[in-house]
Amino acid sequence: MNYKMMGRLNAMIFGALCGFMLPSFILCLCDKDGQAALAFGISIALTGVLALILAILCRGASVKFYAREGLICVGICWLGMSLLGALPFRLSGCFDSYIDALFEIASGFSTTGASVLSDVECLPRGILFWRSFSHWVGGMGVLIFLLAIVPISGKNQGFTLHLMRAESPGPDVGKLVPKMRSTAAILYICYLVLTVLNVVFLLIGGMSFFEALCTAFGTAGTGGFGLKNDSIGGYSPYIQVVTTVFMLLFGVNFSCYFLIAFGKFRAVLKDEELRAYGIIVLGSTLAIALRNLFGAGAVYGTFGESLRHAAFQVGSIMTTTGFSTADFDLWPTFSKAILALLMLIGASAGSTGGGFKVSRFLLILKGARRNLSRVLHPDRVKSIRLCGKPVDEKVLSNTNGYLAAYLAILIVSFLIVSFDRAVSDMTTSMTACIACFNNIGPGFSGVGPTRNFGDFSVVSKLVLIFDMLAGRLEIFPMLVLLSPAAWRRA
Amino acid sequence: MKILIAGIGKVGKTLVEQFAEEGYDLTVLDTNKEALERIVEICDVITVNGNCASMEVLTEAEVGKADLLIAATGSDEINLLCCAAAHSLCPTLNTIARIRNPEYSKQVYRMRDVFSLSMIFNPERQAAAEIDRLLHYPGFLKRESFAKGRMEIAELKVEEGSKLANASLTEIGSLLDCKILVCAVLRAGTCITPAGDFVLKAGDRIFVTATANDLSALLKNLGVVHRKVRSAMVIGGGLGGYYLAESLLEHGIHVKLVERDAERCRELSALLPKADIIYGDGTSQKVLDAEGLRDCDALVALTGNDETNILISLYGKSYGVPQIITNLGRVEDMNIIDTLPLGCVVSPRKLCCNTIVRYARAIHHKTGAAIAVHSIADGQAEAIEFVVDMNTKHFGEPLKNIRLKPNIRIAGINRADKTEIAGGDSIFGEGDTVVLVTSRDEVLLELNDIFAD
């Protein structure tokens, strides 16, 4: 195991983390908020010193780097980042305990958006900014960011593919262009351009620059931390529509934007995952809008209003953002059921969103259909296709393995969280786990859009922190940290 | 610069590794999905799975944006088809194809025109030429020539009890009475760029620069017997064996070619009427003894299997064959190879990779480019020949006043009329070529890269 290289990567990550905390620090200074500024100052100094020590200890690392190191390294980086990123929250005194602060930042980096706070409007601007900015940082991934800006392993970046595979979501992560560094840069440029567009559209809607920036960060990372206690509900319909559109845009595989930039529209239209994503969003939106308009327990008077809220909630849940414009916990059961199912599907592979991913869902469905046809025609040989191309059997079996691990983690955390005294019903414990694990944020009942995770016990919070990070990193980087085999030499 | 490499066998893989190190945009094509999977995990490349001669696959690999295509699949015909198809899709593309079938070897120049190829390479033929050269000048492990053969970098081993052992580099000039420069030393698997007070030890492999005349003097003064090779035994009648036998016979050296496939023996005997073709297993002591290995001046182990070649060479050494050459295709970078008495080690894929890398660099850097590149010291160092032009810094200054980056040594300077081994007072001027040796990790792409300021 190449411990030195892992140390060096961690040092780089911590160095980057210092840079990420800097805007919040400056904002606190501008606001003359002494305590928060001090909290950020101390955190930056501490993180910087740690980065320096690691960098000195791990000089002269060899660049050879394999899948095992990649997985473990990504897991450790995210854990370390959360532990250090929580410091400003705790030191500023805005959070009662370190665990609460850790929950909040893990929720931020993993782009979950689940909060332990009931009132966010009283927080200093610096803290609010750090909350939202953590979404943006976590959305595309810190290691990808590093890959884009520094030559991690000299001229030959071949070994860094393992890092990208471990950090990027999706069943089959590949490069867009031959060079890893250019690939990472392209992804970040797409991300940056879309975020800037989002900010501009929000500014046109009359938001202040600070609000627009924070809301855009929450949207871009598909996070969901807002600046208001009622999330996006208090803003104008224009802002709600803009946010709906951008949430959905950030839930699309970023390689589609790369193809669009090079004018390959036909390839984008042929993308099966994108089509399925569109169909699911449209279908769910219409179904919810109609259900909320008619029948017993109808909540909205006009179709326009019903459609706007339905689209926003569908977009928010499907892309695992977690913003809300309405308390969907009060919606009819059918609407809630659709949202619950969307929670389990999640966004597209290669997007900033979390969840099980549409492409995996498609692969599992196609696999099931093939198994059915095998029952009828046992000797038939048939390969599964995605976007017209045959899918490797290895990818299929990996997807099945992923499903198993996904369910296992969900079941174990559901059982542990159900022990919690603060949990009143099964919907709460179940959706708390689903919402955290899929990086959504709000669930139903006790963790509905108007509620928070503050009352949960320390054990539940730790389990949910693990779930959030595991959900963002697609389980295995976090799971290997728990496996003794990964730590054994050779 | 964007480079397409079709086929990742031995040559393809070495090329990918070298080019990735130099930071080119690489696309690798192959029909073997698993091999692609392996290469993408160690090198910064993008892969396309499919037949490289298919236009659809080439389009997917974005051949239109590429500057260079290297077709190195196992089949000559596919390589040609691949280059022709790529050329039709992108007329400005430079194409390089591997052609190794001896039946085509007489028509390669015609084929180059017909298929608009920039270059044709043939690893086995190149290796045979190299071995032929080594047999003509015994005593050195390897020789690389620069400036059209006027200057050479030769590799030799410091034997126990040799005059070189325990001598410092400043002494050896007077000790051996010839002007040579030691530009790199390979000690215990690591390459050192030595300073003047560096003391050589027995077991070191040293790389010396000298003019061709001084090299002969060096050998004479070292007491290495310069015995002309009159007969050679070649084990392995594959492509390499055939090419070697052909050129050795041309130079009047008697060849015994041992091949264990009866059918191939018949083919060879038809192709090489002057050679003794022996049907037998080259690893069998009995066969070698019976054919008179003891009386041969040279033994060349040229089978397709590295392990077999090592065994044969060790056996030849124990017999006291004066000149032994071992062909290694796969394991020549392993550190332990150094400790074995294998004589000269020749690697076909490395030889042809050097040529291709040089070509790629030349089309990448139109000015100030390297005109010759040789990888020496097991790939840990490079000897490069650059042209000095108007933009080169420091020309006209004596070398002792120029500060170079660490681990770079200027080995020699070639002018129109003479070749000079670099000393403190040497100067280079416009139009000269400079040969330098570097063991740095970074790739030197132009001459100005070597200066510290």
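Exactly one of these conditions fails for A:Leu203: (1) surrounded by fewer than 18 Cβ atoms within 10 Å (Cβ to Cβ); (2) outside any helix (DSSP H, G or I). Give me its number.
(2)
Filter the range A:50-96 for residues that are among the small types (Gly, Ala, Ser) and without any contact (Cβ under 8 Å) to a residue 60 or more places away in the chain; which is surrounded by the fewest Cβ atoms within 10 Å (Cβ to Cβ)?
Taking the candidates together, the pick is A:Gly60.
Working only within the range B:289-328, note down all residues that are in contact with a helix residue (DSSP H, G or I) (Cβ under 6 Å, 6 or more places away or on another chain), more than 19 Å from B:Ile277 (Cβ to Cβ) and part of a loop (DSSP other than H, G, I, E, B).
B:Leu328
Considering A:Phe14, A:Phe20, A:Phe65, which residue is closer than 18 Å to A:Ile144 by Cα, in contact with a helix residue (DSSP H, G or I) (Cβ under 6 Å, 6 or more places away or on another chain) and assigned to a loop (DSSP other than H, G, I, E, B)? If you could, list the steps in order and put the result at the bottom.
Values: A:Phe14 fails: assigned to a loop (DSSP other than H, G, I, E, B); A:Phe20 fails: assigned to a loop (DSSP other than H, G, I, E, B).
The unique qualifying residue is A:Phe65.
Among B:Val182, B:Val158, B:Val108, B:Val114, which is among the aliphatic types (A, V, I, L, M), in contact with a helix residue (DSSP H, G or I) (Cβ under 6 Å, 6 or more places away or on another chain) and over 22 Å from B:Gly329 (Cα atoms)?
B:Val182
Test A:Leu71 against the stated conditions and say whether it is within 14 Å of chain B (Cβ to nearest Cβ) and in a helix (DSSP H, G or I).
In short, yes.
Restricting attention to the range B:47-56, which residues are away from every other protein chain (no Cβ under 12 Å) and within 29 Å of A:Tyr66 (Cα to Cα)?
B:Asn51, B:Cys52
Which condition number does B:Glu62 fail, the rest of (1) on the phi > 0 side of the Ramachandran plot; (2) more than 14 Å from chain A (Cβ to nearest Cβ) being met?
For B:Glu62, the failing item is (2).
How about the range A:246-266: which of its residues are surrounded by 15 or more Cβ atoms within 10 Å (Cβ to Cβ) and touching a residue at least 60 places away in the same chain (Cβ under 8 Å)?
The answer is A:Met247, A:Leu248, A:Phe250, A:Gly251, A:Val252, A:Asn253, A:Phe254, A:Ser255, A:Tyr257, A:Phe258.
Can you pull out the residues in the range B:67-84 that are within 18 Å of B:Glu17 (Cα to Cα) and small (Gly, Ala, Ser)?
Result: B:Ala71, B:Ala72.
Tell me which residues, restricted to the range B:151-198, are among the small types (Gly, Ala, Ser) and either assigned by TED's automatic domain parsing to the domain that holds B:Ile413 or at pLDDT below 80 (or both). Break it down stepwise before answering.
Within the range B:151-198, the subset among the small types (Gly, Ala, Ser) is B:154, B:161-162, B:165, B:167-168, B:173-174, B:184, B:188-189, B:195-196.
Once the filter is applied, which keeps residues that are among the small types (Gly, Ala, Ser) and either assigned by TED's automatic domain parsing to the domain that holds B:Ile413 or at pLDDT below 80 (or both), the range B:151-198 yields B:Gly161, B:Ser162, B:Gly173, B:Ser174, B:Ala188, B:Gly189, B:Ala195, B:Gly196.
Test of understanding: among B:Ile325, B:Ile337, which residue is out of contact with any His (no Cβ under 7 Å at 6 or more places or on another chain), among the hydrophobic types (A, V, I, L, M, F, W, C) and within 18 Å of B:Glu259 (Cα to Cα)?
B:Ile325
Just for strands (runs of 3 or more DSSP E) wholly inside the range B:364-447: which have at least 1 residues that are at pLDDT 80 or above, away from every other protein chain (no Cβ under 14 Å) and touching a His at 6+ places or on another chain (Cβ under 7 Å)?
B:381-387
Checking the structure you have, find out if any residue of the range B:255-269 is in contact with a strand residue (DSSP E or B) (Cβ under 6 Å, 6 or more places away or on another chain), part of a strand (DSSP E or B) and surrounded by fewer than 22 Cβ atoms within 10 Å (Cβ to Cβ).
Yes, there is a match, as at least one residue in the range B:255-269 is in contact with a strand residue (DSSP E or B) (Cβ under 6 Å, 6 or more places away or on another chain), part of a strand (DSSP E or B) and surrounded by fewer than 22 Cβ atoms within 10 Å (Cβ to Cβ).
So, A:Lys382, is that one in a loop (DSSP other than H, G, I, E, B) and farther than 28 Å from A:Ile232 by Cβ or not?
When the stated conditions are applied, A:Lys382 passes them.
When you go through (1) more than 14 Å from chain B (Cβ to nearest Cβ); (2) surrounded by fewer than 22 Cβ atoms within 10 Å (Cβ to Cβ) one by one for A:Asn2, which number turns out not to apply?
A:Asn2 satisfies every listed condition except (1).
Grab the helices (runs of 4 or more DSSP H) fully contained in the range A:251-296, keeping just those with 3 or more residues being more than 23 Å from A:Met140 (Cβ to Cβ) and among the hydrophobic types (A, V, I, L, M, F, W, C).
Details: elements: A:254-261, A:265-270, A:272-293.
Once the helices (runs of 4 or more DSSP H) in the range A:251-296 are filtered for at least 3 residues that are more than 23 Å from A:Met140 (Cβ to Cβ) and among the hydrophobic types (A, V, I, L, M, F, W, C), what remains is A:272-293.
Output yes when any residue across the range A:426-438 is farther than 22 Å from A:Ser324 by Cα and not β-branched (Val, Ile, Thr), and no when none is.
Kept after step one, since they are farther than 22 Å from A:Ser324 by Cα, are these residues of the range A:426-438: A:426.
Then keep just the ones that are not β-branched (Val, Ile, Thr); that gives A:426.
Within the range A:426-438, one or more residues are farther than 22 Å from A:Ser324 by Cα and not β-branched (Val, Ile, Thr).
Hey, A:Ser182 hits all of (1) buried (at least 20 other Cβ atoms within 10 Å of the Cβ); (2) within 14 Å of chain B (Cβ to nearest Cβ); (3) part of a helix (DSSP H, G or I) but one; which does it fall short on?
(1)
If a residue must be closer than 20 Å to A:Ile186 by Cα and assigned to a helix (DSSP H, G or I), how many such residues does the range A:211-246 contain?
Within the range A:211-246, residues that are closer than 20 Å to A:Ile186 by Cα and assigned to a helix (DSSP H, G or I) number 5.
Restricting the search to the range A:312-328, which residues are farther than 20 Å from A:Asn253 by Cα and of a type in the set (A, V, I, L, M, F, W, C)?
A:Phe323, A:Ala326, A:Phe328, listed by residue number.
Taking the range B:98-146 on its own, how many of its residues are outside any loop (DSSP other than H, G, I, E, B) and touching a Pro at 6+ places or on another chain (Cβ under 8 Å)?
We begin by selecting, within the range B:98-146, every residue outside any loop (DSSP other than H, G, I, E, B); these are B:98, B:102-114, B:119-121, B:123-136, B:142-146.
Filter again for touching a Pro at 6+ places or on another chain (Cβ under 8 Å), leaving B:98, B:123-124, B:126-127.
Total meeting the criteria: 5.
Keeping to the range B:270-288, report how many residues are assigned to a strand (DSSP E or B) and either β-branched (Val, Ile, Thr) or closer than 18 Å to B:Arg230 by Cβ (or both).
Here the count works out to 3.
Hey, among the residues in the range B:12-28 that are away from chain A (no Cβ under 11 Å) and touching a residue at least 40 places away in the same chain (Cβ under 8 Å), which one's surrounded by the fewest Cβ atoms within 10 Å (Cβ to Cβ)?
First pass over the range B:12-28, keeping only residues away from chain A (no Cβ under 11 Å): B:12-15.
Filter again for touching a residue at least 40 places away in the same chain (Cβ under 8 Å), leaving B:12, B:14-15.
Working: B:Gly12: 25, B:Thr14: 23, B:Leu15: 25.
Among those that are away from chain A (no Cβ under 11 Å) and touching a residue at least 40 places away in the same chain (Cβ under 8 Å), it is B:Thr14.
From the list B:Ala97, B:Ala72, which residue is in contact (Cβ under 8 Å) with a residue 40 or more places away in the chain, hydrophobic (A, V, I, L, M, F, W, C) and either surrounded by 19 or more Cβ atoms within 10 Å (Cβ to Cβ) or within 12 Å of chain A (Cβ to nearest Cβ) (or both)? Reasoning before the result, please.
Numbers: B:Ala97 fails: in contact (Cβ under 8 Å) with a residue 40 or more places away in the chain.
Unique residue meeting the criteria: B:Ala72.
Please name all residue pairs, on different chains or six or more residues apart, with Cβ atoms under 8 Å, provided the first residue is in the range B:33-46 and is more than 7 Å from chain A (Cβ to nearest Cβ) and the second residue is assigned to a helix (DSSP H, G or I).
That search, which allows pairs on different chains as well, returns B:Ile39/B:Lys13; B:Ile39/B:Val16.
The values are calculated or read from the model by the stated rules, or taken from the named source; none is laboratory data. Source: prediction; values computed, not measured. Backbone-built Cβ (ideal geometry, glycine too); neighbour counts: all protein chains shown.
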